[in-house]
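Heads up, the thing below is written out as structure tokens.
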Amino acid sequence: MLKRIACVLFLFIVIPWTQAQEIKKSPNLIIILADDLGNADVGFNGCLDIQTPNIDRLAESGVVFTNAYVTYCVCGPSRAGLITGRYQDRFGFTDNPLFASNDSLMGLPLSEETLADVLKQANYKSLAIGKWHLGAHELLHPMKRGFDDFYGFLSGGHEYFPEQLTLNDPFEATTQYDGYKTKLLKNYTRVEEKEYLTDAFSREAVAYIEENRNNPFFIYLAYNAPHTPLQATEKYLSRYSNIKDEKRRTYAAMVSAVDDGVGSILSKLNELNLTENTIVIFLSDNGGPERTNGSDNGVLRGGKSQLFEGGIRVPFAMQWPAKIPAGMIYEKPVISLDIFSSVIAQTSNRVKPKNQLDGVNLIPYLIGENDKSPHDYLYWRKFDEKKYAIRNGDEKLIVESEIHKMLFDLKNDIGEQNNQSNDRMERVVQLNKDLRKWESEMQGPAFLGLLKDKIYNEQHPERFTKQIK
Ligand code: CA
């Protein structure tokens, strides 16, 4: 009898209690994604004219990745790669989606699991904030893609001042860029936001940390700053009266607002004693479009929408005091895909995704358990332009066309100035072969992208008309 009571106690009290303790051990996760931030525009990458003390504090408390990439050189596909942990070409997310609230195929295919979907299996509460850009149809809304909560907008960019948010309904839009004027969504409801957008997003992140202090949480904080339109409040502009170039000055102010947000998040974690077991990641979704928003990619060649380093190599830092030593510099190539794999490996019940991942769990590499390179190869494809890139070790091949290929040694030529393809044809042939092998696993476009706006409108005359159910 006693044995039986002990057995019942064990089954119904000890096991659930142990499980609850285990769940608590899963680290919280905050991914802070900047939009179109130049590689050289944070202090930890050497920026001098813009001060980012809070982003730098994050970087100094953990690891700075110096060879860090995203999976694409513009916003949408890069986000699709990050949030699924898979090369987005595997599921046809080959371009920026259009703002099309009637189209359930215009965005992240339903075959894909997001990081929020998988973390739900480990009892995380999750919030997506800011720019979604993975589909505007109701089936593609963040809360249909694994997130418990949402505060933000569904389009690929947005106005920043509350008085500019005038559309109550996406069907009041009549053009692609009207998506920038929608009122913000809190879950499924339009709200009257009163603050400058960047400040509003920071506020929501801080509140969520407070509300979820006792359970594991995941905040995907996708600022649209410093993506155009260039708009900043006097509070931030006044910090940069020394910058004479107006574009750069406004850009600096927008970055400064993001930095303040990062500061408020780090402070809230400290206040609640959550810093130790919270993974905080900061990165940009693609390189800076220098001429458009006044960003600076430093010594890197090119920028947004290009496969040169300036388009795909981004500022990337991560802190997790429980595991990662402060002040680390990690120089081997990593990619945004690694976030997914790294995080799910830290959950107490080791949750498993249903789809094949392309990322690597970076933690063993950061704590000295593995000194190899996390990736033998990294790949990029711009489907419409038939442009490709592949990195193997320090070598990078860019394929602009069948007859124009460039081979660079990134260790000695980070600025991609010295094309070695003529002298090292055997490597060009081999890397091109490796690229084609990878591409054979990829899919063609699942939807018409941003540059096909006109064609799409012709094919979908009801694009902006609300469908009666
Ligand atoms: Ca972007």
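Values in this text are rule-based calculations from the coordinates and carry no lab data. None of these values were measured; they are calculated from a predicted model. All Cβ positions, glycine included, derive from the backbone under ideal geometry; neighbour counts span all protein chains shown.
Couple of notes before you dig in:
- Positive end of the dipole of the chain (Cβ unit charges, origin at the Cα centre): among TYR72, GLY310, PRO289, the Cα lying farthest that way belongs to TYR72.
- Entries in LYS382/LYS466; LYS120/LYS304; LYS25/LYS186; LYS387/LYS411; LYS304/LYS466; LYS125/LYS183 that, when Cα-Cα distance is taken, lie over 27 Å: LYS382/LYS466; LYS120/LYS304; LYS25/LYS186; LYS304/LYS466
- Whole-Å distance, taken between Cα centres, linking region 95-164 and region 287-342: 23 Å
- Shape category assigned to the chain from the gyration tensor of Cα positions, a/c cut at 1.5: rounded
- Electrostatic dipole magnitude of region 385-444 [Cβ: Lys, Arg +1; Asp, Glu -1; Cα centre; debye, to 20]: 140 debye
- Size of electric dipole in the chain: Cβ of Lys, Arg +1 and of Asp, Glu -1, about Cα centre, debye, nearest 20: 1200 debye
- Range in the chain, longest, excluding exposed GluC sites (Glu not before Pro) [loop by DSSP; at most 16 other beta-carbon atoms within 10 Å]: 1-191
- Cross-link reach is defined here as a Cα-Cα straight distance under 17 Å, omitting same-chain residues fewer than 8 places apart; for LYS181 the lysines meeting it are LYS131, LYS194.
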